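Below: the structure, in structure tokens.
A short reminder: the numbers here are calculations on the coordinates, not readings from a lab. Being a predicted model, the structure only gives us computed values, none of them experimental. Please note: Cβ atoms are built from the backbone with ideal geometry, for glycine as well, and neighbour counts cover all protein chains shown.
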Amino acid sequence: MLIRALSAHRPLGQLLPAHAHAPVGFQLGLRPDASGCQLLSLYQPRVVENSSTKRQSSQPSLVAPVMMVPNLARTNNPQPFLACDTAAFVLGWAGPDKAADVSAAKNQAFAAQMGLYAQECGDEQATVYVRWVANGKPGLDEAINQLDVFGRQRLAMDRVCIVVQGQAQRIHEKLSAQQWWVKKGLEGKTSRRETICLSCGQWGPVVDTLPQSLTGALIPATQTSTVALASVNFTSASRGAKGKGLTSAPICATCATTAVQAFNDLAQRGGSHRWESSGADQATIWWTRSGETSIGVTLGSAQPEAVRTFLAQTVRPGPQVGLNLQQQDRFYALTFSGNVARLVVRDWLDMPLAQAVAHVRDWFLTTEVPGRRPFHGIGALALACATVVRKDGRWQAQAVHGCVEALFRTALAGVKPPRNLLALVVHRAQAEARYLSSDDELTRNLMRARADARLGLIRVCLALHTPKENHVSAHLDEESTDPAYVFGRLFAVREALQYQSAVASSSEQKKSGLSATIVDRYCERASAHPASVEHSLDTLSQQHLRTLTRKGKHGTVILFSKKIQQIYALAENAPGRLSVEQQARWIAGYWHQRHHDFEQASQLKQERALKTAQHHSESADLPDLSAMPLDGPDEPSYLD
């Protein structure tokens, strides 16, 4: 089933069987008379885009160009790849510390294959190479010595392609060479038996082992450069099947090579089809049968405009034609890791694409939060419930093991998130509350962005684990009578009241006059047991109101007194000890009220700017909450 799904990855149509996309570090240039050669390094400076200046700048690191090259899985007696292989095969040189006889044997096998290809296809360039090897490879030592230290180090590891001087095309890129390699290369991998391929359903010869291997660098927790997609060292399925390898799972060579090529293409690091948290020992790739990409890209990045477009194109119970969905289209997601030289499947998701789209739509509607960044990618959500530490002058966090994968499965399949996720969210919210008003702007913005993401997690956990009446809305619910939610709102109002009292008492018009805020002293207890701190908080609020009255801030006093009375009317008695779900609703009420107050203050500030000078004095007594910005950057800085 996995091989069939991978072979259906359509964007790989331009990649031929028995080939792979791989970097080629060097080019061997031969004289037409085979009397000499040149060795050219193809490495170029890596060009990256500077995110701060949006200009392109060259970095000192070098990168080799990626080409479509011959490629097959090699065993202990490796066969050469036509016209493009390592230096041991092409040049008979594997470095000063390697056995010369081994390299010489590889070079002889490579030259013999080139001679066979030249004879069967009449390729004059391949004939030039064969003559150059027969002449003793003239000029090779001088060409190697002319390379710098970096070039000689990479020459022992990289692929080397071949071109005859004066010819525009490298030998391995010629159509005749590609067709010959597809035919000859797969001959050794195809068994003599013929049957129906379980992937494509066609009758023909099948393979005993997969002709190609997965790239080890793309698979977490592997220790080899190549990894087997299916092992041949044990009985096929160990469920009564006979034989080893693919004996009981017949696959044709085309489907086998296409599946491996598809995996290597999808699993490219930094690609849009790969989801992975930093430092994780597993990763996830996704794809669709038709090549539709909007669902996966939107879910991974969660850019507000892209999400709004996605939501506008979908309605319940199913998607509209705006997404160009086909009735038979399917969505696939593979979570994997490595075990030495084998692929380990951690999770497999195969479902109709229309169903996945409906689940993702529900996910975005359930994780929406107020503010400039209403939607968050899965990575930001997973990091929001992880412990954040200060190291080398910046905040760093690593997602809890398996959190990213669990959230993706929730978003795509609608399954419930882990039970302990809500407890993690509540714990991090209580621990980081004191940073929300930090004097350090970077810390303040980062923690507020994390709090926004945690609110989205609270909403989705409560929506999937609790009855409907306990769900939390995306924005402030001023009519909710849930005691936990109400007293979370009340705590936010009291925090703002303390801030205004400190501003009124400070000549510098800032919070620096506070030795400790109520958040520093009471937030954790108030969110877990509101009744235990209600008397202390009420006493402090009365003191702050008296301070504002002495400073002549009568408008501010009236505003806060009225707001506190309105909230008290919803739930007069502070609740006792709260469960984890109730603590989560307390945090939601607190954060909703903060955002609501900020939006009102921003609107008031804009109205003030439009007033004339004679009306400015009339509104000077109103509280200025806009000095407490709640919106941070689009994403935490450690996600860059």
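Summary of values
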{"read-out": "Burial ranking of peptide ranges 30-41, 259-270 (average Cβ count within 10 Å, highest at the top)", "value": "259-270, 30-41"}
{"read-out": "Proximal aspartates and glutamates relative to Lys391, as straight alpha-carbon distance under 18 Å, when same-chain residues fewer than 8 apart are discounted", "value": "Glu432, Asp440, Glu441, Asp640"}
{"read-out": "Magnitude of the charge dipole, the chain, Cβ model with Lys/Arg +1 and Asp/Glu -1, debye to 20", "value": "640"}
{"read-out": "Distance (nanometres) between label positions extended 7 Å along Cα→Cβ at Arg577 and Ser505", "value": "3.5"}
{"read-out": "Formal net charge of residues neighbouring Ala312 (Cβ-Cβ distance under 12 Å; K, R +1; D, E -1)", "value": "+1"}
{"read-out": "Whichever aspartates and glutamates have a C-alpha closer than 13 Å to that of Lys174, once near sequence neighbours (fewer than 8 apart) are set aside", "value": "Asp123, Glu124"}
{"read-out": "Potential lengthening between Asp538 and Ala431 on full extension [0.36 nm per residue; Cα-Cα distance subtracted]", "value": "36.2 nm"}
{"read-out": "Helix 100-121 vs. the chain, principal-axis angle (Cα, 0 to 90°, nearest 10)", "value": "80"}
{"read-out": "Net lengthening on full extension, Gln396/Val149 (0.36 nm per residue, minus Cα-Cα)", "value": "85.3 nm"}
{"read-out": "Residues of type aspartates and glutamates that Lys553 reaches as a straight line, Cα spacing below 13 Å, ignoring anything fewer than 8 places off in the same chain", "value": "Glu618, Asp621, Asp624"}
{"read-out": "Around Val163: net Lys/Arg minus Asp/Glu count, Cβ-Cβ under 14 Å", "value": "+1"}
{"read-out": "Segment Gln328-Val415, extension gain: residue separation times 0.36 nm, minus the distance between their alpha carbons", "value": "29.1 nm"}
{"read-out": "C-alpha long axis of helix 483-505 to longest principal axis of the chain, angle in °", "value": "70"}
{"read-out": "222 nm mean residue ellipticity, helices alone, for the chain (DSSP H n ≥ 4; -39,500 (n - 2.57); rounded to 500)", "value": "-13500 deg cm²/dmol"}
{"read-out": "Cβ-based net charge around Ala87, under 11 Å, with every Lys or Arg adding one and every Asp or Glu removing one", "value": "+3"}
{"read-out": "Two-site label geometry, Arg372 and Leu610: point separation in nm, points 7 Å out along Cα→Cβ", "value": "2.2"}
{"read-out": "On Cα atoms only, tilt of 403-413 relative to the major axis of the chain in degrees", "value": "90"}
{"read-out": "Hypothetical label at Val297: residues of region 261-278 whose amide nitrogen lies under 12 Å (7 Å Cα-Cβ projection)", "value": "272-273"}
{"read-out": "Label-to-label distance, nm, for residues given as Glu142 and Asp477 (7 Å Cα→Cβ offset)", "value": "8.3"}
{"read-out": "Farthest positive-ward along the chain dipole, Cα basis, beta-carbon charges - from Ala453, Val400, Ala496", "value": "Val400"}
{"read-out": "The chain - share of DSSP beta bridges that are antiparallel (%, nearest 5)", "value": "85"}
